Every structure is written in structure tokens, then in C-alpha cells.
There are 4 protein chains.
Amino acid sequence: MRKGVKFSVGIWSFGPTVERFCPSGYREDMPVEKRLEQASKIEGLGGIEYHYPQELSEKNVDKIKELSKSYGLKIVIVAPNLFSEPKWAKGALSASNEKTRKEAIQRVKAGIDLSKELGAAVCIWPGQDGYDYPFQVDYRAMWDRFTKSVKECAEHRTDVKIALEYKMGEPKTHILLATVGKTLNLIQEIGLNNLGVNVDFGHAFMAYENLAESIVLISRYNRLYHTHFNDSFAHFDDDMIVGTVHFWETLELLYWLQEVEYNGWYGLDLFPYREDPVKAVQQSIRNVEFMMDLLEKVDRKELREILEEGEATNMQLILRKMLGEKRIETK
Amino acid sequence: MRKGVKFSVGIWSFGPTVERFCPSGYREDMPVEKRLEQASKIEGLGGIEYHYPQELSEKNVDKIKELSKSYGLKIVIVAPNLFSEPKWAKGALSASNEKTRKEAIQRVKAGIDLSKELGAAVCIWPGQDGYDYPFQVDYRAMWDRFTKSVKECAEHRTDVKIALEYKMGEPKTHILLATVGKTLNLIQEIGLNNLGVNVDFGHAFMAYENLAESIVLISRYNRLYHTHFNDSFAHFDDDMIVGTVHFWETLELLYWLQEVEYNGWYGLDLFPYREDPVKAVQQSIRNVEFMMDLLEKVDRKELREILEEGEATNMQLILRKMLGEKRIETK
Amino acid sequence: MRKGVKFSVGIWSFGPTVERFCPSGYREDMPVEKRLEQASKIEGLGGIEYHYPQELSEKNVDKIKELSKSYGLKIVIVAPNLFSEPKWAKGALSASNEKTRKEAIQRVKAGIDLSKELGAAVCIWPGQDGYDYPFQVDYRAMWDRFTKSVKECAEHRTDVKIALEYKMGEPKTHILLATVGKTLNLIQEIGLNNLGVNVDFGHAFMAYENLAESIVLISRYNRLYHTHFNDSFAHFDDDMIVGTVHFWETLELLYWLQEVEYNGWYGLDLFPYREDPVKAVQQSIRNVEFMMDLLEKVDRKELREILEEGEATNMQLILRKMLGEKRIETK
Amino acid sequence: MRKGVKFSVGIWSFGPTVERFCPSGYREDMPVEKRLEQASKIEGLGGIEYHYPQELSEKNVDKIKELSKSYGLKIVIVAPNLFSEPKWAKGALSASNEKTRKEAIQRVKAGIDLSKELGAAVCIWPGQDGYDYPFQVDYRAMWDRFTKSVKECAEHRTDVKIALEYKMGEPKTHILLATVGKTLNLIQEIGLNNLGVNVDFGHAFMAYENLAESIVLISRYNRLYHTHFNDSFAHFDDDMIVGTVHFWETLELLYWLQEVEYNGWYGLDLFPYREDPVKAVQQSIRNVEFMMDLLEKVDRKELREILEEGEATNMQLILRKMLGEKRIETK
């Protein structure tokens, strides 16, 4: 494993990758134990992320702990699942139905307790807390309920870090926690010290965010708790191999993760529909490691000076040098 | 049923609406017979569309014919399924693997034969004929294979109409048959008289097409064979209730369907993840019927004159009148 | 003028509407006095917005006040211009060049002073405070400078309201103050009581925001200071006639402006390149007034109940009734 | 100049780069002669593109020819300007006003004649042939007029090549000639041998086209007449330095230009609002040359084999090798 860089991956990346046009999935489903075995073949991988309770729960935690230890794959994230069951169709943490809302809060709290025991962080992705149609919901009541629920979850145990993961849409056409700005605003409003952000690259691209700017903005408040590396064509959350589309943005992100001294996990959140999952994860790690090698070819002082002057034409020489250009020239 | 307007719906609209974040689906699956019973409750519905061979095949065709007759729901479209099985992951009609490609062609031909027998049209949506990554495929070979395969299918029986359905992406990040222009270009190249287009509203919106312009352009060549009504927020193929987002565009589309004297089916292709399917289809029909009523409130001559002058400000008076404004004013 | 609703318009809407493909503009330029005369012809208009110092400054303020009074058109907004001169090309409030940055702050302060005198509010749109390329700027330093500058401006006079106007891009490919979330987050961080938001519809649409949700979210903090009505196809800031594209979203926005008891101006920010400006503004007002009439056709209690249950299919009946459907039916 | 690669640039790239928020432009305007002098400083540049009659016409052609010769900068493209004067606001080649339409056709014909004399090709970009609003125009009549006008222009002299340049929108919200597909379809319909395509990268990105696929598709019909290199963030036509955003897509495009044996000009269409134009063009050429060097690091046979199998994970090794990775590994 590369010094100072820790890679984790969502165990769901090894699943059948169901989508609506291929409801059977593109490959056979495997139990979590088998998926872990697959993950163990990947060089450079150090940790695994799980959904609670589907992939990791009180029921299988002992077995997973044991397997994790034997494979050298830490349990990094417990993500209480608030989206994959039909009961969340009208919302989870923001549901107008009180019973459903309490059930969602309860699931998060249980996930927090499990995380505490495992030394993992919690990730909340409120994918069903949104709406599909204009004139469908009462935004005011919904934001009130959502804010209160997140606060209640965060207060449950202030010694466990909770990373909020934002996304503009999918599965719903609109998700409340849509952008980096809305997430930071919510965190400021709640005002607790264990709430932070998980930046998913594809989600940021969907929202036309510049990835590097988003992580820098989060870091101004020391709230960058986790990352989800992947790539996409920005119209949707394609969850592709890292670096295959947004080459410059990913390289710039890696530079800024160093500048803000991020020391968390480099999490991989892939959904390799039509690729072999082990290969897709492995190549993502290779791409990131290689991009970090590229960054080392550049004189940081020189780079910072050009960023200070903001002159894009001058930066081109640096960027080509980063990719191996030998040519020496004046600007 | 409204005079001159025939509504059909895809039988898949009554399915479990699986998506990747809800792989079990939002409701229980039902056999096709049961789905037909559901469809029969919808006022104004006259026909049903099926995928071959999953929903309609040689095996159940007699039973479906019988049920269709009893419910008064014609079999309108047979759509050979080229996407929902993992074997199509690397393409169907354009696959570089010859065996796969021949299998795809064979399925389309069988679908055509079945259509012939039923007096239905065929719809081909080549959703897996595309690619996900830059530097993944040989575009030249792929377009050659795709063109040849479509030609072979169309030549199989020139007495069955084949409607090609375009879409920019999903499930793949890029689909070859992406836009109205690419589709018409392909049809011109192949040069057969039984190839036309099925315009899906959400697909057109994704491609930033103006729906009305697209159907007018297709109609210049007399190739508008079928329509798929739905709505979306244009970033993705949301398959929502008709008219709930693109109000003006849908109204304008209805106007132009009359102008080009379209006499085919008004097909509904919905995917009501979190809504009751019967209600979603029923309300779509109600919305379309109501919008057609609105169109009747306008003096066509006056409307055409403003379209001729192209003056958007003057058109606002007409549009408000269409929605019931009584105010009389000079421009 | 409609009871309780006050319309204003940006005086720039009557300008030559220059764009890069028509650098001469689509019509002749007119002095501000002449533009005011044009505005005075518009029924229902009550106020005007100006850029400082190009359209309104210490030099012409007395004359404009006099004319405003004679036309009955209040001076509503003073917007210090931080974008239209080449000196802002590398940023204004966030510029790394200290002299430029101080000049920007100074302009805002002078605009605030003028606003105070006129009883107007201030609108800051930091259109050049952003960047064009990946690896072009130091995001950390830029956000620090920007935050400090906005704070210094807001502290200049806490008795004048400053509305921050966000936009994702244009003229730069990326603007720091991109979304509703980033704006609210900045306001929370600065913590002063005279900083709020001006929501421009086209800007919100570009960022895939639901307009109504955005204004509700802002209103949770009592920070909705101003609005900029217009319309667009969401890919860019088209500044079109209100209600011509996003029909439902605009209607929903009007509903929620009532629900949050907004009592500020309904500002019109149009850029009618190829339309007559007087007509474009007049028809925008007519469209809004008509849409407010439509809203009155609905039983609010019934509407709120459906919003509470979040059932989009049931809402369709209400929406059609709003547009005049007489049909009575059970859901 | 690199063997086999010829770079040209639009003379407009050295203009004041006016945009609506900076109507004075970001720099002073310069006469064409002065712009040519600027262009002459750029290493590797071999040709210039002009708008007719603003930048090149019967009036200055002798002087420009002489200067061109002295600088060694060929006259490559004559682009009849159909957009920058207010008279085209309601359309040029598609205008319903017959006088305007004939004037547009006349301008194109004059441009063709001038091109003939100069040995240049013609580029038609019909930027005003579209519409802004739903319910604004008669699409049927508009497409008829547009098709007839283009045909009449192409028939004027079949010995001059005419490259049609498509674009989805800007300045109008919708342009008729929006995509590669619509352009090829039009060319097939007209059926003349001197009509081809000019692919502008930013225009293709706006339409979610894969650049390489588009040029391959055009090349299937031998219609790739010209190229306009630039880059953008795909929401709009940013006309940025080549390769600064779409790194992989540009690299892939260069590969496919070689595969289809394109021997036309590598045209640069930049609009460097906030950059020095000479530097922006120079760095674009350097980036392209460097990317062509990168392509040479790869074994073409190996690359083609992976494209044939369509396996994205395997391609990552090749792509990293292209960027200098030394690591040897099995897939």
C-alpha cells in the first residue's frame, strides 16, 4: 500500500449490479463472505464499507470481523441503508409518516452503535429523502423533519463521526441533500462536532461542482470525513473506474487532498455493471496511484505560484511536464 | 376513448419497477395476465405493448390474444428485448461477438414474425448497443455492424413496420442510436420503406431536443411510426406522468401531432417507481385529454399566423387564452 | 397593480442585449432616461433596478430620482457592478490582486451608501469571482478572500439589506457563489443580519434546483431579500419571458412565495435579445398575474393535504382543476 | 510544423471577445492586419479562418492575400457570417421573410465565390436558424426553407467544399442544425457531393456526443471537411484551450483522426475571454502536439485488439502506459 494513502471499497461494488433494464443483475449475487474473498485479491486495498443491516449487522458482525482480520481489510464505514426497501418510498429521515421516520432514525442509531463497536465511521446517504414531482411535497415541513432527524442521529453518540453524503438526484428526481453547499449549511445549522461530509465524485460532477473546490470548501470547516472515488459523464451517477473521464479534475482533487492534509480513506464507490468488479476496483487503485506519481513530477512551489497568479496558459507547461513532456521553453 | 386518439401502454409499466437502489422493486411482481387485468381498469386505454419474449412470446401468445380481446386491449407493439439479459452486456445488434450478434438479429426476426401474425408493429430499442468508456470500442466497426444488422432485420419482412427508438444513454453511458438525427440518417442510409421512428419524450428531452421539432422532422419523411409519452427532468429518463414537467412542450407536441396528421398510437411508457401504476397511467391519459381540450380553445388560424411571424411576445396572449384567460387586449 | 404584488425590472432589460455573436447588440443603445420612459409604458410595473455606477451613480442620481417619481417607478435595487469591466477578469471580491479587491469592496460600499440614501436594497452578483480552468486557482485562498470581502461589505452599514445572487457559471465557467446551499452556508458563516439572498430563476434552474424548494429553504432563515423572475431551458441563463418554459415550477414558486409570506419585490431580470423589451416585460407581468389567478382556483386546504401525503397522482386532479378542468371524479 | 498535421485558427480568436456581461470586450479591438501579425508569432500555425465579409471580403482580399503570403499563413476557411447582425434575428437561411432569406443565400454564394478564388473551403454555421421559445415557429416550414436554402448554396458551385457546422444552441436557445445526426441526415437528403461537416468540439460536447464517434460516423460517408478544436465544460460553448477539460476524449479524437486518415486542417476555434489570445492558441497547439506524442508511445496493434474486445479494464494499462507508466503487469 502506498505510504499515507489508504484505499477502501464498498462491498456493494462486488454485487450483481442490478439496474432497471437488467433487473436480474449483470452477474450472480454472492454472499458477503464471498465478496470479501474477492476484495482480498486486490492489491493496495485496506478497508471495506458496508450497508447496515443488509451487508453488515449484529447478526454477522462477528464473522465479518474475523474475516476482515484474516484478510487485513478493516471495517471502515457502516452506512445505514435508508433507500433499498419500498417502505422508504415516501422518505426516510424526512418522511411525513411518523412511524417510518422513527424507524429510519432508529436504523441510523443502531448503525452508529455498531460503528462505535467497530471503530468505523458512519455514512448517511438520504437517497429517498426528496421528491419526484413539482407540487408533490411540503418543502418546509420536509426540511424541518429532515433537519431534526439528522440532529437526533448526530446527538445519539457524539463520539462517532457521521459523514453526510449529498447527491442531486437518483433514485428520486430531487434529493434534499443535493449539493456541497446544502450539506455544509445543514451542518452549520445543527452545530454539532461529529457531523461532516462524504464527497462522492460522481455526485459532485452531477451538480456541476468542481471536485477540488468542494473538498477545499469542506476542509475550511474541517468537515471532510470521507471520500467516494469514481467517475462519470456528469449527467448521471455512472460510478465508473476512477480517472477514466475527469482526468484533470481527479488529478487536481488528489493535489488538493494533499494540500488540505486529508488523512482519511480513499474510498472507492464503483458500480461496474458490465466490467469485472475485481478488475474495475484494481484498475481504479492503479489509476489513482499513478496519478499521484504524476503529481510528484511537479515542483510544488512553481505550481502554487501559478495558482496564485491564476494564469491558465502558463499552467499548461506545468501540466504537460506532469505528463512527461521534456521540452523546455519560455512561457 | 377520445375520437381519433388511441392510447396504449407498455405492460412493463405495471411491473415491480426495479432500480439499482431498490433491487427488489418497489412492489411485488405480477404475471402478465394480472398486469393486463390492472390495465383493463384504465379508462381510455386501447392497446398494450410487450417485450418479446419476456412478456409476450409464442408460448403465451394465444392466451394473451384471448385476454386482449376480452379486455378490448389491442396488441400494439412487440419489442424484441435486446437489453435485459447479461449476454447483451457487450452489445446486441452491434456486438463484435458474431454469435451474440446473430442471436440478437434472430430475436428481432422472431419478434417481427410474431408481430406479423398479430397485426402489431415492431419497436427496436438498442439500449446495449453502445459503450461506457472513452477508448473502449472501435466505433467504425461498431457502426458498420449495427447498420448491417438493422438492415438485415428490416429486410426480413418488409410488410411489418419497424420503429427505431433512440436514446442518448442508459443503461450504457453512450448508446449509438442517440438522437433523432442519427436515427433518420440511419434510415436514409438503409433506404427501406418499413423503417421508421418511435419517439420517446424523455429520450428526446435528455438530448435537448424540442419534442415538436423532432416529430415534425421525422414526419417530413413520413417515418413517425410510434410515440412514447412520458415526462422527465431531462437529465435522465425519469418516465414520469405525462405533462407534469414539460407542460408547454407536451402541449406543443400535441398540436404538431395534429398538424402532421399523425394517426398512430399515443403510447405511454411510464416507470412509476413510487406511484401506483394504474393511477399513473390513468392520470397521464387524463392529462393528455385535458391538454387536447385546451388546444381546442384556440383559433388555429390565429395561432398559425403568429408561428409564421415567429413573435414570442404575441404568442403569450394566445397561450394564456388557451389556459382560460378572458382578458381582451391589444398586443 | 395587483394587490400585494410589486413588480420591478432591471433597467438593463431595455439595453442593446449584446452577446458574443452579436457584439453590436440587437438594437440601439439608449440612455437610462430613455429606458425609463420605455419602462413607464408597462402596466403593473412599480420599480426599477440599476447597476452602480453604470446606470445609476452619484452623478445622475438626482435626475433619476426625479424621473422615477414622475413615472411612479421606485428605485428598488442598486447592484454594484463587479463584472463588466476588464479589470475584474481575474476576480473582484476574491481577486488575489489586493488593489483590485479593495477597489471592488470600495465599489460595493459606495453602492451601499447610495442605496441607503434611496431606501433601496443592494444586490451583489459576484460573476467574475470564480475561475475557468482546472488547476487555475487556489480555491482555499480565493474562498478566504471572498468571505472576508463580503463580510467587510456587510459590516459597512448593517442598516442596508444586501441580497447575494448566486449563479453556477457565466461569464466564468465556474463561479464561487454557485448555488443556494453555498450562499446560505456563507451567510451562516459570516453571521450578520443584513445578508440575504436574491434568487434568480434561471440561475436556480441551471443548478438543477427546484425553485420552490430553494425559496422555502432560504425562508427558513428569513433571508429571502429579493427575486429575479425569468425563464430558461436550464442549460444556460437564457433570461426569457417568465413562465414560458418552466410552467409548473413557476406556478409552484408563486404558491410558495405566498406560503412563506414573501412581501418583497417580484423583480424581472430579462435579456430579450430578439424580442421587444417592453413587450417581453409586459408579457412576463401578465403571465405572472394570470398564474396567480390560476392559483386562486384551488382550495388551499385540499392542496396542502395532498402535499402532506405526497401523492403525485392525486395532485394531477388539483392541477387540472387549476387550469380549468370541470370534470368531477374520484381519485 | 509537425509532419502531416496542419493547424489553422479563426482570426476572431484575436478579437476583443465581447460577451453580454462585458460588452466592451476584455481587450481592445484590433484590425485584421494587426490580428494576423499576432497570429504570425505562433509556432506551428499554418492557416487562418475568416468570416465573410467582416474579416475578409472583396474589399480587403488583396491585402490579406499579400499579408498571408508574407506570414506563411494560408487562407483556409471563408465563413459567411449569418449571425452577427440584427437582421438575422428571425433567421437567415430559414427566415420566413423572403428578402432576408435571399440576402443570406446571396451572402453564402458570394463567400463561395471568394473561397473559389482563394482555394479555401467554406464553413456555414447557421447560428440564427433556430428559435427561442416553445410555440414560436412553424418547424415544418422552417426546415423546408432551411433545406432548400442550403441546397441552393451547395449547387452554386459544386467545386467548392462546404462544411456545415452544427451546434445545439447559442445564440438561440435551439438551433435547427443541432447535432451530428441532423447534419448527416440533411446532407443525405440534399444528396450533393460538396456538402460535408465541420465538427466543433465544444458543440459536440454540448450535445453529449462522443467526439471520436462523431468523426468516425461522419467519415463513414467521407464528409469530414473540417475540424474546430477547443474545449469546454459541456454545458455551454466555452471555447477553451484544447485538452484542458476533455483530456481522454481529445486524445481519443486524435487517435481516430489518424485511423480515418483525416488530412484536413486542425482548426482552432478559441474564444479566450480572460487569457492572452496568442498564448491560448500557442498552448492549444502545444497540447495537441504533445498528445500526439503520447499516442505514439502505444502499440497500435495492442490498442486495436482491446478496442475489438471492448474491455475497459484492460484498456487502463494501455492508457497509463501512454502517459508514461513503466510498471509491467498482467491484466
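Could you check D:Gly130 against (1) touching a Phe, Trp or Tyr at 6+ places or on another chain (Cβ under 8 Å); (2) in contact (Cβ under 8 Å) with a residue 24 or more places away in the chain; (3) farther than 15 Å from D:Arg223 by Cβ and say which number it fails?
In the conditions (1) touching a Phe, Trp or Tyr at 6+ places or on another chain (Cβ under 8 Å); (2) in contact (Cβ under 8 Å) with a residue 24 or more places away in the chain; (3) farther than 15 Å from D:Arg223 by Cβ, D:Gly130 misses (1) alone.
Does B:Val298 meet the test of being in a loop (DSSP other than H, G, I, E, B) and buried (at least 24 other Cβ atoms within 10 Å of the Cβ)?
The answer is no for B:Val298.
Which of the residues belonging to region D:139-174 are part of a loop (DSSP other than H, G, I, E, B), within 14 Å of chain B (Cβ to nearest Cβ) and not charged (D, E, K, R)?
Scanning region D:139-174 gives D:Tyr166, D:Met168, D:Gly169, D:Thr173.
Just give me the residues in region B:1-50 being aliphatic (A, V, I, L, M), crowded, with 19+ Cβ neighbours inside 10 Å and farther than 21 Å from B:Arg274 by Cα, in sequence order.
B:Val5, B:Leu45, B:Ile48
Go through (1) surrounded by fewer than 21 Cβ atoms within 10 Å (Cβ to Cβ); (2) under 24 Å from C:Tyr166 (Cα atoms); (3) free of Cβ contacts under 8 Å to residues at least 40 places away in the same chain one by one and return the number of the condition A:Thr147 breaks.
All conditions are met except number (3).
Please find, among C:Val288, C:Val281, the residue that is within 20 Å of D:Lys172 (Cα to Cα), modelled with pLDDT of 95 or more and assigned to a helix (DSSP H, G or I).
Checking each option against the conditions leaves just C:Val281.
Are any residues in region C:175-190 β-branched (Val, Ile, Thr) and either under 19 Å from A:Asn210 (Cα atoms) or modelled with pLDDT under 95 (or both), and if so, which ones?
Initially, region C:175-190 is screened for residues β-branched (Val, Ile, Thr), giving C:175, C:179-180, C:183, C:187, C:190.
The answer is C:Ile175, C:Thr179, C:Val180, C:Thr183.
Looking only at region C:270-295, filter to residues that are surrounded by 18 or more Cβ atoms within 10 Å (Cβ to Cβ) and touching a Phe, Trp or Tyr at 6+ places or on another chain (Cβ under 7 Å); which one of those is nearest to the other protein chains (Cβ to nearest Cβ)?
C:Arg274
For region A:121-136, check the following and say yes or no: at least one residue is in the same structural domain as A:Leu36 (by TED's automatic domain parsing), part of a helix (DSSP H, G or I) and either at pLDDT 95 or above or surrounded by 22 or more Cβ atoms within 10 Å (Cβ to Cβ) (or both).
Among the residues of region A:121-136, not one is in the same structural domain as A:Leu36 (by TED's automatic domain parsing), part of a helix (DSSP H, G or I) and either at pLDDT 95 or above or surrounded by 22 or more Cβ atoms within 10 Å (Cβ to Cβ) (or both), which makes the answer no.
Could you list, in sequence order, all residues of region C:175-189 that are crowded, with 22+ Cβ neighbours inside 10 Å, over 14 Å from the mean Cα position of the chain (by Cα) and not in a loop (DSSP other than H, G, I, E, B)?
C:Ile175, C:Gly181, C:Lys182, C:Leu184, C:Asn185, C:Leu186, C:Ile187, listed by residue number.
Looking for something of a type in the set (Ser, Thr, Tyr), surrounded by fewer than 21 Cβ atoms within 10 Å (Cβ to Cβ) and within 12 Å of chain A (Cβ to nearest Cβ) - is there at least one such residue anywhere in region D:313-331?
Yes, region D:313-331 has at least one match.
Here are some conditions: (1) of a type in the set (Ser, Thr, Tyr); (2) surrounded by fewer than 20 Cβ atoms within 10 Å (Cβ to Cβ); (3) touching a Leu at 6+ places or on another chain (Cβ under 7 Å). D:Ser94 meets all but one. Which one does it not meet?
Exception for D:Ser94: condition (2).
Quick check on C:Gln136: is it in contact (Cβ under 8 Å) with a residue 24 or more places away in the chain, within 12 Å of chain A (Cβ to nearest Cβ) and within 30 Å of A:Phe205 (Cβ to Cβ)?
For C:Gln136, the condition - in contact (Cβ under 8 Å) with a residue 24 or more places away in the chain, within 12 Å of chain A (Cβ to nearest Cβ) and within 30 Å of A:Phe205 (Cβ to Cβ) - is not met.
Would you confirm whether or not region B:312-327 contains a residue that is closer than 29 Å to C:Ser284 by Cα and in the same structural domain as B:Ile124 (by TED's automatic domain parsing)?
The answer is no, given that none of the residues of region B:312-327 is closer than 29 Å to C:Ser284 by Cα and in the same structural domain as B:Ile124 (by TED's automatic domain parsing).
Looking at this structure, is C:Ala79 within 18 Å of C:Leu270 (Cα to Cα) and touching a His at 6+ places or on another chain (Cβ under 8 Å)?
On the way: within 18 Å of C:Leu270 (Cα to Cα): yes; touching a His at 6+ places or on another chain (Cβ under 8 Å): yes.
Here the answer is yes, as C:Ala79 does meet what is asked.
As an exercise: evaluate D:Asn198 against (1) assigned to a strand (DSSP E or B); (2) of a type outside the set (Ser, Thr, Tyr); (3) surrounded by fewer than 24 Cβ atoms within 10 Å (Cβ to Cβ) and give the number of the one condition it does not meet.
Result: D:Asn198 passes all but (3).
For C:Ala212, state whether it is at pLDDT 95 or above, closer than 22 Å to C:Met322 by Cα, small (Gly, Ala, Ser) and part of a helix (DSSP H, G or I).
Yes.
Return the residues of region B:68-91 that are within 12 Å of another protein chain (Cβ to nearest Cβ) and touching a residue at least 40 places away in the same chain (Cβ under 8 Å); say none if nothing qualifies.
Answer for region B:68-91, where residues must be within 12 Å of another protein chain (Cβ to nearest Cβ) and touching a residue at least 40 places away in the same chain (Cβ under 8 Å): B:Leu82, B:Phe83, B:Trp88, B:Gly91.
Can you name the number of the only condition in (1) surrounded by fewer than 24 Cβ atoms within 10 Å (Cβ to Cβ); (2) over 29 Å from D:Thr17 (Cα atoms); (3) in contact with a helix residue (DSSP H, G or I) (Cβ under 7 Å, 6 or more places away or on another chain) that D:Leu217 fails?
(1)
Across region D:97-120, which residue is surrounded by the fewest Cβ atoms within 10 Å (Cβ to Cβ) among those that are among the hydrophobic types (A, V, I, L, M, F, W, C) and within 19 Å of D:Met142 (Cβ to Cβ)? Talk me through it step by step, then tell me what you get.
Start the filter on region D:97-120 by keeping residues that are among the hydrophobic types (A, V, I, L, M, F, W, C), which leaves D:104-105, D:108, D:110, D:112, D:114, D:118, D:120.
Within this subset, residues satisfying the condition of being within 19 Å of D:Met142 (Cβ to Cβ) are D:104-105, D:108.
Numbers: D:Ala104: 26, D:Ile105: 20, D:Val108: 27.
Ranking the qualifying residues of region D:97-120, first place goes to D:Ile105.
Out of the residues in region D:215-230 that are in a loop (DSSP other than H, G, I, E, B) and touching an Asp or Glu at 6+ places or on another chain (Cβ under 9 Å), state the one that is nearest to D:Ala79 (Cα to Cα).
Among residues in region D:215-230 that are in a loop (DSSP other than H, G, I, E, B) and touching an Asp or Glu at 6+ places or on another chain (Cβ under 9 Å), the one nearest to D:Ala79 (Cα to Cα) is D:Asn230.
The values are calculated or read from the model by the stated rules, or taken from the named source; none is laboratory data. Everything numeric here is computed off the predicted structure, so don't read it as measured data. Using ideal geometry, Cβ is built from the backbone for each residue, glycine included, and neighbour counts are taken over all protein chains shown.
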